[in-house]
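Written out below as structure tokens is the structure these notes cover.
FYI, it's all coordinate maths here, none of it is from the lab. Computed from a prediction, not measured in an experiment: that's the story for all the values here. Every residue, glycine as well, gets a Cβ built from its backbone with ideal geometry; the counts of neighbours run over all protein chains shown.
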Amino acid sequence: MKMLPQVLFWLGLISVPFAWLVWYFGSEIEIIKPVLAGVAERLGIWVAVWPVSLLVMSQILEKKMQG
């Protein structure tokens, strides 16, 4: 359990470039092209929420473990 804040922190950092890639290339990705071609920008915004969520959860868990 002590490692969870650190894992969430690194996942949050890794999610930042992933969110940029999904936002930029989202409509061109063959897997989601037929289904999500019209909502690629919304998908990128939704993915962009991941880093913030993961980093905040990391901070909250770290504080709870210390105190």
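With both labels modelled 7 Å from their Cα along Cα-to-Cβ, the LEU21 to SER53 distance reads 1.9 nm.
Model label points for GLN66 and ARG42, set 7 angstrom from Cα along the Cα-to-Cβ axis, are 4.0 nm apart. Per-residue Karplus couplings for region 9-19, computed as 6.51 cos²θ - 1.76 cosθ + 1.60 with θ equal to phi - 60°, are listed in order as 4, 5, 4, x, 5, 5, 5, 4, x, 4, 5 Hz, Gly and Pro entered as x.
The string of couplings for region 51-64 from the Karplus curve (6.51, -1.76, 1.60, θ = phi - 60°) is x, 4, 4, 5, 5, 5, 4, 4, 5, 5, 5, 5, 5, 5 Hz, one whole number per residue in order, with x for Gly and Pro.
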